[in-house]
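Notes follow once the structure below has been shown.
The values are calculated or read from the model by the stated rules, or taken from the named source; none is laboratory data. Keep in mind it's a predicted model, so treat the numbers as computed, not measured. Glycine gets a Cβ as well: all are built from the backbone with ideal geometry, and neighbour counts include every protein chain shown. Accessible surface areas use protein heavy atoms only, side chains included; no ligands, DNA or RNA. Shrake-Rupley method; radii C 1.70, N 1.55, O 1.52, S 1.80 Å.
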Amino acid sequence: MGVIERLTEGLELSWETRRAKTARAVILILTLLGGIVLVEIERLTDLKLLPEGSPTVHLAAISWAIYLLLIFEFVEMAFAMSNSVAASVGRHLQLYSLVLLRDAFLKLGEFPEPIEVTGDDLYNIGIMTSDAGGAVLLFLAATVFARLQRHTPIAQDDRARESFKAFKQGMVLLLLGTLVGLCLYRVTAFVLDAAFSVDLPAFDIIDAYFTVLVFADVLLAFASLAIADNPAIVFRNFGFAFVAILLRLSLASPEFIRPGLGVAAAIVALAVTLVYNLDPKVHRQIEQDQISSEAED
């Protein structure tokens with residue numbers, strides 16, 4: 001076992017422990033409660049603890065906690081990539097469903113407190129409903145996508161498969177390192193702005209990381225060219241890379257268009273999977289798996 005494999009598997013095992021899961025849950029709860037407290041302090045005092053332009057309604061704290069949840073989910077998705085390209089795409093779809101839910105909760109920050117709905121608020125309610133509906137459809141598509149997957153070896157040669165696995169694990173470490181770097185930059189920018197009024201260039205971690213994921217998926221598709229025995233696998237991997245591009249375009253799209261593009265990306269992922277499963281070699285593998293399953297029963 002190489003250094004990269006040991007490091008990747010060690011990090012994944014540590015991330016999946018019960019203690020780590022409990023710690024993440026506690027952090028999310030504290031983020032939610034802490035956000036509520038910060039909003040209350042801003043409302044009752046002259047202290048400015050939140051960034052300029054932040055909403056000052058307590059419901060906004062929900063979107064902040066969901067934002068942190070997305071960061072945790074990015075880590076989960078990176079580890080999924082080391083196990084299966086298809087599993088990684090499924091996580092892409094689930095992640096974007098959470099992004100849409102976050103956007104729906106962000107709109108709550110534009111309502112007065114206590115909440116009062118007037119005719120002017122119907123537009124925002126329409127946006128929230130659109131985002132939430134898109135999130136439901138995306139998560140449903142991710143569930144169907146997972147059921148459709150038929151995993152076949154990318155190559156018959158053991159050494160080629162191990163090389164591709166090592167490449168994917170190297171990509172995992174790069175993705176995790178990039179995520180840590182983006183988070184550190186954002187925290188540093190926040191501290192410098194709050195304490196010393198130093199204004200560093202700002203960006204959204206979610207947008208930046210989805211862009212990185214596009215490059216990662218394209219790199220994996222190119223790497224599969226070197227060892228894949230079946231052209232259908234290459235087709236599938238490039239199709240999945242296009243799904244990542246659609247999701248990134250969706251992030252940059254205006255309201256109402258955003259969930260529609262996300263659902264379109266899910267449809268492409270499902271269509272690519274269905275076409276891949278019709279390939280004779282893959283179909284033969286599916287039949288063999290079914291026969292083995294019936295024999296075990």
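Per residue, the accessible area of region 149-274 comes to 49 Å² when a 1.4 Å probe rolls over the protein heavy atoms. For the chain, the share of accessible area belonging to carbon and sulfur comes to 66 percent (1.4 Å probe, ligands and nucleic acids excluded). The charge dipole of the chain, taken about its Cα centre with unit charges on the Cβ atoms of Lys, Arg (+1), Asp and Glu (-1) only, comes to about 680 debye.
In order along region 85-99, the phi-based Karplus estimate (6.51 cos²θ - 1.76 cosθ + 1.60, θ = phi - 60°) of 3J(HN,Hα) comes to 4, 5, 4, 5, 5, x, 5, 3, 5, 5, 4, 5, 5, 5, 4 Hz; Gly and Pro are listed as x. Looking at region 47-108, the accessible area is 34 square angstrom per residue; that uses a 1.4 Å probe and ignores ligands, DNA and RNA. Here region 89-241 is assigned +1 on the Cβ of each Lys and Arg and -1 on the Cβ of each Asp and Glu. Its dipole about the Cα centre then comes out at about 1000 debye. With contacts defined as alpha carbon pairs under 8 Å and 6 or more residues apart, what's the relative contact order of the chain in percent? Once normalised by length, the contact order is 18 percent. Spacing of the modelled spin labels on F203 and E42, each 7 Å from Cα toward Cβ, amounts to 2.5 nm. Taking GluC sites (Glu not before Pro) in DSSP loop conformation with at most 15 other Cβ atoms inside 10 Å as exposed sites, the chain has its longest uninterrupted site-free stretch at 117-254.
Could you point to the residue in L179, A142, I154 farthest towards the positive end of region 137-190's charge dipole, with +1 and -1 charges on the Cβ of Lys/Arg and Asp/Glu respectively? Of the listed residues, the answer is A142. The Cα center of region 52-88 and the Cα center of region 137-183 differ in position by 19 Å.
The heavy atoms of D279 offer some 30 square angstrom of accessible surface to a 1.4 angstrom probe.
Largest first, the residues V272, V3 sort by 1.4 Å accessible area into V3, V272. Each residue, L274 and V26, gets one label point 7 Å from its Cα in the Cβ direction; the gap between the two is 4.7 nm. I need the shape label for region 112-268. Rule: rounded when a/c is under 1.5, else prolate if a/b > b/c, else oblate, with a, b, c from the alpha carbon gyration tensor. The shape class here is oblate.
Contact order for region 1-84, expressed relative to its length and based on alpha carbon pairs under 8 Å spaced 6+ residues apart, stands at 28 percent.
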